[in-house]
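Asker: My questions will all concern the structure given below.
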Amino acid sequence: MRVTVDSKKGLKTNLKVFVDKKTIEEKIGIRLAELSKTVSIKGFRPGKVPTDVLKRQFGKAVYGEVLEKILKETSAQALEEKKIKAAGQPKLDLKSYGEGKDLNYTLEIDELPSIKLHSLDAIKFTDYEVKVTEDEAKKKIDDIAKNQNNFRDKNETESAVNGDLVAFDYNATIENKNFEGGQGKNTQIVLGKDLFIKGFDKQLLGVKKNQEREVEVVLPENYPKKEFAKQKANFKCKILNVKRPETVKINEQFAKSLGAKDLKHLKELITQQIQSQYKMNLDALAKENILDQIEKLHKVDLPNNLVQQELALISQRLKKEEFEKNKKESEKIAKKRIKLGLILNELGEKNNLKVDEQELRNEIQKQVQSMPGQQKQVIEYYQKNSSATASLRGSIYEEKIINLIKKQSKQTKKTISTKEAEQIIEEHHKSHQHFEDKETDKPKKTVKTSKKTKKIRKK
């Protein structure tokens, strides 16, 4: 094999690769010898088929197989010989080839740029600790209690009011005709929340158990069956039950129902939960700030093919009109992502950072613990999806790089109130409210604990 540099411009390099016919013939001979041991041809004993017979019968197929193998092996060797790190898959162009001929082809390569890493001590960030008051913890517990959705049956003479839970069967029609999705059994809604179909709740006010009520509403724009969206529908409802909300007493029993030892322990857990959620959001802001500084600190020539690949991914997640309208912004985002990816990868390699199997297992275990009752599904998901495992490994790797940067950066520790934390998150959200928000995972605007949480997990 002979490799020469045909041309080089910026990060784009063209290589000429030559493989003599003798080498190709030798590999074809080896492959034919392998075939002779297994192939069965009428008139010849197994393993005794002459080479010329095999060539006539399988010559073209064997040549194609050998050629494919040679191209794969020699292109990798060519890159290694010229010490080229390819950014993506090189483009291969066959110039001359064929049975009994030399092989000539070219490789068009987008190279990974050489990155000069700058000192990380210029990076600054603030590590916030959020102080949660007793009153804030108490208010959160009150909110949880209010949203426990405990209801007690009303008697048949009592009418439904806002806040009551109404259970009903229904049959809906459009222009007196049944339609797909227009039937429901034991549907339950809390009046006043307007979560079923807009305007539906109001028309159930005053119903009693075992009554019938007709409700007319316009089906929403996002109705699963597009042909019925925005059409007027008539719902004939049979009221099965009406229940009033029951006030939950905040006591030791309530605390235990949420997984705490007692009320004091519940307050501690709630405090930790609030702190953890604020911490997660503020850490996300710190990470974003660090990455912005890293990106501005380094100058990197970007391989065009990687930018185009990233741009293609962005376009897939957006409507065509939206993508075309914001194409320049999309290109900016794509370039930033590729640049940061290259810098972070270089940092990882220079510092010998790796993700071992134990770290991967530990992260999967964390996900298992956060999803009680779904242990088997989570484990099977990663066992069956290599891309998901690779993505998780990449996330762990990135986090290790971020932690490395933090250790070498100038860190300021600061204790703040929840109100101050909210302000920081809010201000960040406002200042970053542009097209990129649709494409990147921004920290949430506010921190909220789930109102539907039944158990508080102990840490």
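Asker: Checking the conditions here, which among VAL62, VAL49, VAL53, VAL39 is in contact with a Ser or Thr (Cβ under 6 Å, 6 or more places away or on another chain) and either assigned to a loop (DSSP other than H, G, I, E, B) or β-branched (Val, Ile, Thr) (or both)?
Answerer: One residue alone meets the criteria, VAL49.
Asker: While we're on this one: Which one of ASN155, ASN147 is modelled with pLDDT under 90 and polar (S, T, N, Q)?
Answerer: Testing whether each residue is modelled with pLDDT under 90 and polar (S, T, N, Q) leaves just ASN147.
Asker: Of all residues in segment 170-221, how many are within 15 Å of ALA160 (Cα to Cα), in contact with a helix residue (DSSP H, G or I) (Cβ under 8 Å, 6 or more places away or on another chain) and among the aromatic types (Phe, Trp, Tyr)?
Answerer: The total comes to 0.
Asker: Tell me, yes or no, whether segment 271-283 has at least one residue that is assigned to a helix (DSSP H, G or I), more than 30 Å from GLU426 (Cα to Cα) and more than 24 Å from the chain's Cα centre (by Cα).
Answerer: Filtering segment 271-283 for residues assigned to a helix (DSSP H, G or I) gives 271-283.
Imposing the further condition that a residue be more than 30 Å from GLU426 (Cα to Cα) reduces the set to none.
For segment 271-283, residues assigned to a helix (DSSP H, G or I), more than 30 Å from GLU426 (Cα to Cα) and more than 24 Å from the chain's Cα centre (by Cα): absent.
Asker: Taking only segment 375-400 into account, find how many residues are surrounded by 12 or more Cβ atoms within 10 Å (Cβ to Cβ) and more than 19 Å from the chain's Cα centre (by Cα).
Answerer: 1
Asker: Also: Considering only residues that are outside any helix (DSSP H, G or I) and of a type outside the set (S, T, N, Q), which ones fall in segment 324-365?
Answerer: Going residue by residue through segment 324-365, those that are outside any helix (DSSP H, G or I) are 326, 351-356.
If the condition is that a residue be outside any helix (DSSP H, G or I) and of a type outside the set (S, T, N, Q), then LEU353, LYS354, VAL355, ASP356 are the ones that fit.
Asker: Follow-up question, since we're still on this one. Considering every residue within segment 410-426, establish whether at least one is free of Cβ contacts under 8 Å to residues at least 60 places away in the same chain, surrounded by 15 or more Cβ atoms within 10 Å (Cβ to Cβ) and touching an Asp or Glu at 6+ places or on another chain (Cβ under 9 Å).
Answerer: No, segment 410-426 contains no residue that is free of Cβ contacts under 8 Å to residues at least 60 places away in the same chain, surrounded by 15 or more Cβ atoms within 10 Å (Cβ to Cβ) and touching an Asp or Glu at 6+ places or on another chain (Cβ under 9 Å).
Asker: Here's a follow-up. If you take the residues of segment 177-203 that are aliphatic (A, V, I, L, M) and under 19 Å from ASN149 (Cα atoms), which of them is surrounded by the fewest Cβ atoms within 10 Å (Cβ to Cβ)?
Answerer: Across segment 177-203, the extreme among qualifying residues is LEU195.
Yes or no, residue by residue, for (1) small (Gly, Ala, Ser); (2) over 19 Å from HIS118 (Cβ atoms):
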site: GLY259; (1), (2): yes, yes
site: VAL300; (1), (2): no, no
site: ASN305; (1), (2): no, yes
site: GLU310; (1), (2): no, yes
site: GLU322; (1), (2): no, yes
site: LYS325; (1), (2): no, yes
site: GLU331; (1), (2): no, yes
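Asker: To continue, here is another question. Being closer than 30 Å to ASP164 by Cβ and more than 38 Å from the chain's Cα centre (by Cα) is the requirement here; does GLN231 meet it?
Answerer: When the stated conditions are applied, GLN231 does not pass them.
Asker: Any residue in segment 26-45 that is surrounded by fewer than 17 Cβ atoms within 10 Å (Cβ to Cβ), aromatic (Phe, Trp, Tyr), without any contact (Cβ under 8 Å) to a residue 12 or more places away in the chain and not assigned by TED's automatic domain parsing to the domain that holds LEU306?
Answerer: Yes: segment 26-45 contains one or more residues that are surrounded by fewer than 17 Cβ atoms within 10 Å (Cβ to Cβ), aromatic (Phe, Trp, Tyr), without any contact (Cβ under 8 Å) to a residue 12 or more places away in the chain and not assigned by TED's automatic domain parsing to the domain that holds LEU306.
Asker: Something else: Kindly check whether there is at least one residue in segment 65-87 that is more than 43 Å from the chain's Cα centre (by Cα) and part of a loop (DSSP other than H, G, I, E, B).
Answerer: no
Asker: Okay, moving on. Return yes when ILE123 is in contact with a helix residue (DSSP H, G or I) (Cβ under 6 Å, 6 or more places away or on another chain), surrounded by 14 or more Cβ atoms within 10 Å (Cβ to Cβ) and within 30 Å of SER276 (Cβ to Cβ) and no when it is not. Talk me through it step by step, then tell me what you get.
Answerer: Details: in contact with a helix residue (DSSP H, G or I) (Cβ under 6 Å, 6 or more places away or on another chain): yes; surrounded by 14 or more Cβ atoms within 10 Å (Cβ to Cβ): yes; within 30 Å of SER276 (Cβ to Cβ): yes.
For ILE123, the condition - in contact with a helix residue (DSSP H, G or I) (Cβ under 6 Å, 6 or more places away or on another chain), surrounded by 14 or more Cβ atoms within 10 Å (Cβ to Cβ) and within 30 Å of SER276 (Cβ to Cβ) - is met.
Asker: Which residues, taken from segment 290-322, are more than 24 Å from the chain's Cα centre (by Cα) and not polar (S, T, N, Q)?
Answerer: LYS296, LEU297, HIS298, LYS299, VAL300, ASP301, LEU302, PRO303
Asker: Kindly evaluate GLU81 against the criterion of being farther than 15 Å from THR23 by Cα and surrounded by 15 or more Cβ atoms within 10 Å (Cβ to Cβ).
Answerer: In short, no.
The values are calculated or read from the model by the stated rules, or taken from the named source; none is laboratory data. The shown structure was predicted, so the numbers you read here are calculated from the model rather than taken from an experiment. Cβ coordinates were reconstructed from backbone atoms using ideal geometry, including for glycine residues, and neighbour counts include every protein chain displayed.
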